[in-house]
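Written below as structure tokens is the structure these notes are about.
Since every read-out is calculated from the coordinates, none of them should be taken as a lab result. Predicted model only: the values in this text are computed from it and were never measured. Reconstructed Cβ throughout: ideal geometry from the backbone, glycine too, with neighbour counts over all protein chains shown.
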Amino acid sequence: MLILVSVVGYILVMGIPNISPDLFKWRYTTENVSLLPALVNTILITFISLLLAVPLGIFAAVYLVEYARKGNIIVKLVRITAETLSGIPSIIYGLFGMLFFVTTMGFRMSLLSGALTLSIMILPIIMRTTEEALIAVPAEYREGSFGLGAGKLRTVFKVVLPSAIHGILAGIILSIGRIVGETAALIYTAGTVAEIPGSLFDSTRTLSVHMYTLSSEALYIKQAYATAVVLLVIVIGINSLSAYLAKKIGRRTYEKD
Amino acid sequence: MRKFKETGAKITFMLAACFSIFAVALICVFLFANGIPGMRKIGVLKFLTGTEWKPGNNIYGIFPMILGSIYVTAGALIIGVPTGIMTAIFMSKFASKRIVGFMKQAVALLAGIPSVVYGFFGLVVVVPLVRNMFGGSGTSILSACIILGIMILPTIISISEPALNAVPQSYYEGALALGATHERAVFRVILPAAKSGVIASVVLGVGRAIGEAMAVMMVAGNHARMPKGLLHGARTMTSNIVMEMGYAADLHREALIATAVVLFIFILIINLLFSALKGRSELLYHVEKKRQL
């Protein structure tokens, strides 16, 4: 508890005075290490990785919950691999991304390579939360839908998924938090060029990477503080949003009981 | 037509589910294919137990890094585990409901803070603190342990706490009926009963600590030498990769990938351990549930 307060408090106190409008200038120069390009890149990379990982994760969860029979060997394998994926440290993802996307596929260090690497990384989070949300949908909903003559596919998309939407959203928000905070996986996949990318194949730098380079260069400690504040604010915002959504589901299932 | 659509959908969903199998296979293949040849060229034994890492002279021994990782992780556990378990016990058995709600939020937040921010905090707070209190340069194993100890707290708390809550109420009541005080019942009866869940949380914490790169790198000093003591710097496997991958080429590069392979194997072992433990604790839980019914 104390630790949390001291970490957050210290960074806020030291960082807030250092936030200045200059930090939000459009261009990054050595005199003015603007964090705006990094911020834009973070948003872009988050968006692209979500675009890839969310459908995949949701579909996978739908298969696990709605279609697969219990004890199916594929289900077991998927569970084990998903757990493995969530345990792999981010630096290994980074290395893999470098070997596979950057070198083998020839995407170079780019927005795309970074986003692809991240989308594999957040896949287990989305799968897991979606799965839990789908399991929480009462069986009566499905039976009711079947009883009205809907097919399985229709039931899944019109009944089951909409009623699990809060849980799925909470998972997505959680994975946004993970992306925003990620550094190690991005240094060697998305690179560190602090400009707003012209295309998918340009190198970029997200906020966390930005902060890492700032603090390792040791010239821009003030700006690093400010970046830390921005990062913290984003993470706190994302967290409370996810907690709010999770609470909402909690209340709903509680009411049903 | 409809039948066709349904089967099509089913296959799509199944393929999506299989993607994670595919991804793990791909990661394994790429890491091993790129790492093993390098390890062979250096000599597996020489690579693993060599105490010198001098890429300039083509000497690659990662033993100092393995030791560094182990030391840092062990230190993080010494700091993080007692604190984490005590916090979990407090949340589960002592705190009032309102405090628990608040603390849960706090733990979630602690888990959400990016590792660079931890690293930065370590750099500007912990490192000077260590420097002033114990001398030396401050960037040391000790600083890394402190930061990592904080970082694994949320992992340990968020898994131990449900494990403690899952212990059947009758255990506690039985202990009280035998004349135990609240504290005694909690520490002597409930904690042992929740053992496998708590251990699982520690194992996961080990995984997190060993795999952490950025935060450790920012505070640990990163000398590629045998770690000498708490106040001296050390380099972990993860920071070795992050630091040198940017400019490495040829055998050096392969050696770094091989480092990742070693790290990956560590993580796989930890993961297996974790799922075995978790399986056991869930089993226990279900058996208890049935007995209660």
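Of the candidates B:Asn222, B:Asn34, B:Asn132, which one comes out as most mobile in a Gaussian network treatment of chain B with C-alpha springs shorter than 10 Å?
B:Asn132
Would you mind giving the mean number of other chain beta-carbons within 10 Å of the Cβ of each residue in B:26-37, as a whole number?
4
For the range A:81-157, calculate the relative contact order in percent as a whole number, restricting contacts to Cα pairs under 8 Å that are 6 or more residues apart.
Averaging sequence separation for qualifying contacts and normalising by length gives 26 percent for the range A:81-157.
Determine, for each peptide in B:50-60, A:156-166, B:193-203, A:108-118, the mean count of other beta carbons within 10 angstrom over its residues, then list the peptides with the highest first.
With the highest mean Cβ count within 10 Å placed first, the list reads A:108-118, B:193-203, A:156-166, B:50-60.
What is the log10 of I(q)/I(0) for chain B, computed with the Debye formula using one identical point scatterer on each Cα and no solvent, at q = 0.09, 0.15 Å⁻¹?
Values, matching the q order: -0.58, -1.15.
With runs of 4+ DSSP H residues as the only contributors, calculate the mean residue ellipticity of the protein assembly as shown at 222 nm using -39,500 (n - 2.57) per run, divided by the residue total and rounded to the nearest 500.
Helices in the protein assembly as shown give a 222 nm mean residue ellipticity of -23500 deg cm²/dmol.
Report, as an integer, the average count of C-beta atoms from other chains found within 10 Å of each Cβ along B:117-126.
6
Taking springs between alpha-carbon atoms closer than 10 angstrom, which of B:Val127, B:Val72, B:Val117 fluctuates most in the Gaussian network model of chain B?
B:Val117
For all pairs of alpha-carbon atoms in the range A:49-171, what percent lies in each bin of width 10 Å, listed from the first bin to the last filled one?
Per 10 Å bin, starting at zero, the Cα-Cα P(r) for the range A:49-171 comes out as 13, 36, 30, 15, 5, 0 percent.
Where does each of A:Phe59, A:Phe146 land when they are ranked from fewest to most other beta-carbon atoms within 10 angstrom?
A:Phe146, A:Phe59
Give the average, rounded to an integer, of partner chain Cβ atoms located within 10 angstrom of each Cβ in A:95-107.
4
Give me Rg over Rh for the range B:1-139, both radii from the alpha carbons and Rh done the Kirkwood way, two decimal places.
With Rg and the Kirkwood Rh in hand, the quotient comes to 1.16.
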